[in-house]
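Engineer: Got a structure for you, written out below as structure tokens; questions coming shortly.
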């Protein structure tokens, strides 16, 4: 039995019926990882011995009892490495659990391994890892997206039942789209960020990668909720996200923003998304034209706000208190400089430099302060749009997965997130689900966006589409 191919729901049904054990699931996954991860390189570390030990003790009466989940390597797990795919943290061991990890453990989940990412979650292709790039399971010459490319790839390749990632400007949704799985970015404040290594604190959010929308709801039931350890966590009720999944999409108001259907978008992506719109209309949803007029400024705002916050957050990585210290330093200042020069990769350095520049005296008002004002306009755009519709529908990415090394200049890479970053700036929720394939058999992603803390309706809209198609059942040939 190929247990590694099953969903959380399917495995939970088998576990509660005592047809299988958690150990059986781990064994199937470890064999799968041994078989294919040499090609994909989605994992940085897999501790099979520990996973089997967790499986032996797993309480299957708990919500995720016995379900193995992979963790992006910028989320702290007690007594395990947390490298952020950076040389600077290569030997760092976390002394505590992130809140989401504590919740997964309390829910009975088995932590399977740590997945690759763009260094410090800065990138859109998982080519910026200090430990090698991850490959897309649908075409090994292509990138899996980023920064959570490792998490997306291992779920798509059936090397994990589910995974956690982080999303600062699309880092869950974009790789989910390019790898053909489900990726959810919750509303800012819905899931605690405590224990996630900060990139841009006003944008970062933890969320799940799963094989189905229902599985995403099951993980969200566990990881959501207020956390007094994290000051941006919101004290809002956590519903059972699975309850409304089958309410149906008839009468659902779906907004289509003209600003997201742009020149330069891949024709096959555009065709697949338009077919999805037609499907919703044919099945009783109301299609409404909406406008998000400040969308054109989103990229500029994001790369000012995100890099400014990165510059401040990454100042702590100096080789003094923890992390790798350069042996070449001649004094404290020189040691600090060489540690960061040798420890950070080129993309991280680029963003620190840009962020430091926009925060510097004489430029703060011209760039950072102005960007924050435009961010408020972006938020207002979404608020006004949601007065007319329940969810907004867009492509997740303007193209399918591209070849490794193809986008060598930073600007072309940054544009890969053009459809996802506004969601983070507005602090709303978004999900990417498969909606087709290109002529070269690469997945295409459909993005649905929900209002603040309206994940139940977002999941309903996504689940309705998913159940009307078989895209999620297709598997890459490895």
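Engineer: Could you please let me know if residue 104 is modelled with pLDDT of 95 or more and under 21 Å from residue 417 (Cβ atoms)? I'd like the intermediate steps shown before the answer.
Structural biologist: Values: modelled with pLDDT of 95 or more: yes; under 21 Å from residue 417 (Cβ atoms): no.
No: the conditions fail for residue 104.
Engineer: Condition test on residue 89, is it closer than 23 Å to residue 166 by Cβ, in contact with a helix residue (DSSP H, G or I) (Cβ under 7 Å, 6 or more places away or on another chain) and in contact (Cβ under 8 Å) with a residue 24 or more places away in the chain? Let's see the steps before the verdict.
Structural biologist: Working: closer than 23 Å to residue 166 by Cβ: yes; in contact with a helix residue (DSSP H, G or I) (Cβ under 7 Å, 6 or more places away or on another chain): no; in contact (Cβ under 8 Å) with a residue 24 or more places away in the chain: yes.
Considered against the rule, which asks whether it is closer than 23 Å to residue 166 by Cβ, in contact with a helix residue (DSSP H, G or I) (Cβ under 7 Å, 6 or more places away or on another chain) and in contact (Cβ under 8 Å) with a residue 24 or more places away in the chain, residue 89 comes out as no.
Engineer: Is there a residue being exposed (fewer than 14 other Cβ atoms within 10 Å of the Cβ) and either over 23 Å from the mean Cα position of the chain (by Cα) or at pLDDT 95 or above (or both) anywhere in the range 284-294?
Structural biologist: The initial filter retains those residues of the range 284-294 that are exposed (fewer than 14 other Cβ atoms within 10 Å of the Cβ), namely 284, 289.
The next check asks that each one be either over 23 Å from the mean Cα position of the chain (by Cα) or at pLDDT 95 or above (or both); those that pass are 284, 289.
Looking for residues that are exposed (fewer than 14 other Cβ atoms within 10 Å of the Cβ) and either over 23 Å from the mean Cα position of the chain (by Cα) or at pLDDT 95 or above (or both), one finds at least one in the range 284-294, hence yes.
Engineer: Just one of 153, 177, 162 is buried (at least 24 other Cβ atoms within 10 Å of the Cβ), over 21 Å from residue 113 (Cα atoms) and modelled with pLDDT of 95 or more; which is it? If you could, list the steps in order and put the result at the bottom.
Structural biologist: On the way: 153 fails: over 21 Å from residue 113 (Cα atoms); 162 fails: over 21 Å from residue 113 (Cα atoms).
Answer to the selection: 177.
Engineer: Can you confirm whether the range 48-58 contains a residue that is within 22 Å of residue 220 (Cβ to Cβ) and either surrounded by fewer than 22 Cβ atoms within 10 Å (Cβ to Cβ) or in contact with a helix residue (DSSP H, G or I) (Cβ under 8 Å, 6 or more places away or on another chain) (or both)? Give the derivation first.
Structural biologist: So in the range 48-58, the residues within 22 Å of residue 220 (Cβ to Cβ) come out as 54, 58.
Pick out the ones that are also either surrounded by fewer than 22 Cβ atoms within 10 Å (Cβ to Cβ) or in contact with a helix residue (DSSP H, G or I) (Cβ under 8 Å, 6 or more places away or on another chain) (or both) and you get 54, 58.
Yes, that holds for at least one residue.
Engineer: Can I ask one more? For residues that are in contact with a helix residue (DSSP H, G or I) (Cβ under 9 Å, 6 or more places away or on another chain) and closer than 20 Å to residue 77 by Cα, scanning just the range 31-46, find the one that is surrounded by the fewest Cβ atoms within 10 Å (Cβ to Cβ).
Structural biologist: Applying the filter and picking the extreme gives 44.
Engineer: Turning to a different aspect of this structure: I need the full set of residues from the range 396-446 which are over 19 Å from residue 138 (Cβ atoms) and touching a strand residue (DSSP E or B) at 6+ places or on another chain (Cβ under 8 Å), in order please. Talk me through it step by step, then tell me what you get.
Structural biologist: The first filter runs over the range 396-446 and keeps only residues over 19 Å from residue 138 (Cβ atoms), leaving 408-415, 417-431.
If the condition is that a residue be over 19 Å from residue 138 (Cβ atoms) and touching a strand residue (DSSP E or B) at 6+ places or on another chain (Cβ under 8 Å), then 419, 420, 423, 424, 428, 429, 430, 431 are the ones that fit.
Engineer: Look through 458, 425 and report the one residue that is out of contact with any helix residue (DSSP H, G or I) (no Cβ under 6 Å at 6 or more places or on another chain) and not in a strand (DSSP E or B). I'd like the intermediate steps shown before the answer.
Structural biologist: Values: 425 fails: out of contact with any helix residue (DSSP H, G or I) (no Cβ under 6 Å at 6 or more places or on another chain).
When all the criteria are applied, what remains is 458.
Engineer: Considering only residues that are over 24 Å from the mean Cα position of the chain (by Cα) and in a helix (DSSP H, G or I), look in the range 259-276 and name the one that is farthest from residue 446 (Cα to Cα).
Structural biologist: 267
Engineer: Taking the range 361-404 on its own, how many of its residues are at pLDDT 95 or above, assigned to a loop (DSSP other than H, G, I, E, B), farther than 30 Å from residue 460 by Cβ and out of contact with any helix residue (DSSP H, G or I) (no Cβ under 9 Å at 6 or more places or on another chain)?
Structural biologist: So the answer is 1.
Engineer: Looking at residue 77, is it touching a residue at least 12 places away in the same chain (Cβ under 8 Å), within 25 Å of residue 158 (Cβ to Cβ) and not in a loop (DSSP other than H, G, I, E, B)? Give the derivation first.
Structural biologist: Details: touching a residue at least 12 places away in the same chain (Cβ under 8 Å): yes; within 25 Å of residue 158 (Cβ to Cβ): yes; not in a loop (DSSP other than H, G, I, E, B): no.
Criteria not met by residue 77.
Engineer: While we're on this one: Only one of these conditions is not met by residue 355: (1) in contact with a helix residue (DSSP H, G or I) (Cβ under 7 Å, 6 or more places away or on another chain); (2) at positive phi. Which number is it?
Structural biologist: (2)
Engineer: Now a separate question. Which pairs turn up if I take residues in the range 2-28 that are without any contact (Cβ under 8 Å) to a residue 24 or more places away in the chain and look for partners that are part of a loop (DSSP other than H, G, I, E, B) and crowded, with 17+ Cβ neighbours inside 10 Å with beta carbon separation below 6 Å, at least 6 apart in sequence or on another chain?
Structural biologist: 14/20
Engineer: Here's something else I'd like to know. Given the options 439, 408, name the one that is assigned to a loop (DSSP other than H, G, I, E, B), surrounded by fewer than 17 Cβ atoms within 10 Å (Cβ to Cβ) and over 24 Å from the mean Cα position of the chain (by Cα). Break it down into steps so the answer makes sense when it comes.
Structural biologist: Numbers: 408 fails: over 24 Å from the mean Cα position of the chain (by Cα).
Answer to the check: 439.
Engineer: Right, residue 344: over 23 Å from residue 422 (Cα atoms), surrounded by 13 or more Cβ atoms within 10 Å (Cβ to Cβ) and touching a helix residue (DSSP H, G or I) at 6+ places or on another chain (Cβ under 8 Å) or not? If you could, list the steps in order and put the result at the bottom.
Structural biologist: Values: over 23 Å from residue 422 (Cα atoms): yes; surrounded by 13 or more Cβ atoms within 10 Å (Cβ to Cβ): yes; touching a helix residue (DSSP H, G or I) at 6+ places or on another chain (Cβ under 8 Å): yes.
The answer is yes for residue 344.
Engineer: Another question about this same structure. Regarding the range 356-371, can at least one residue be identified that is over 21 Å from residue 166 (Cα atoms), surrounded by 16 or more Cβ atoms within 10 Å (Cβ to Cβ) and touching a strand residue (DSSP E or B) at 6+ places or on another chain (Cβ under 6 Å)?
Structural biologist: Within the range 356-371 (the criterion being over 21 Å from residue 166 (Cα atoms), surrounded by 16 or more Cβ atoms within 10 Å (Cβ to Cβ) and touching a strand residue (DSSP E or B) at 6+ places or on another chain (Cβ under 6 Å)), the answer is no, since none of the residues qualifies.
Engineer: Now a separate question. Can you tell which of 323, 329 is crowded, with 18+ Cβ neighbours inside 10 Å and either closer than 27 Å to residue 119 by Cβ or at pLDDT 95 or above (or both)?
Structural biologist: Working: 329 fails: crowded, with 18+ Cβ neighbours inside 10 Å.
Step by step, each of 323, 329 is checked, and only 323 is crowded, with 18+ Cβ neighbours inside 10 Å and either closer than 27 Å to residue 119 by Cβ or at pLDDT 95 or above (or both).
The values are calculated or read from the model by the stated rules, or taken from the named source; none is laboratory data. Quantities reported herein were computed from a predicted structural model and do not represent experimental measurements. Don't worry about glycine lacking a Cβ; one is built from the backbone with ideal geometry, like all the others, and counts go over all protein chains shown.
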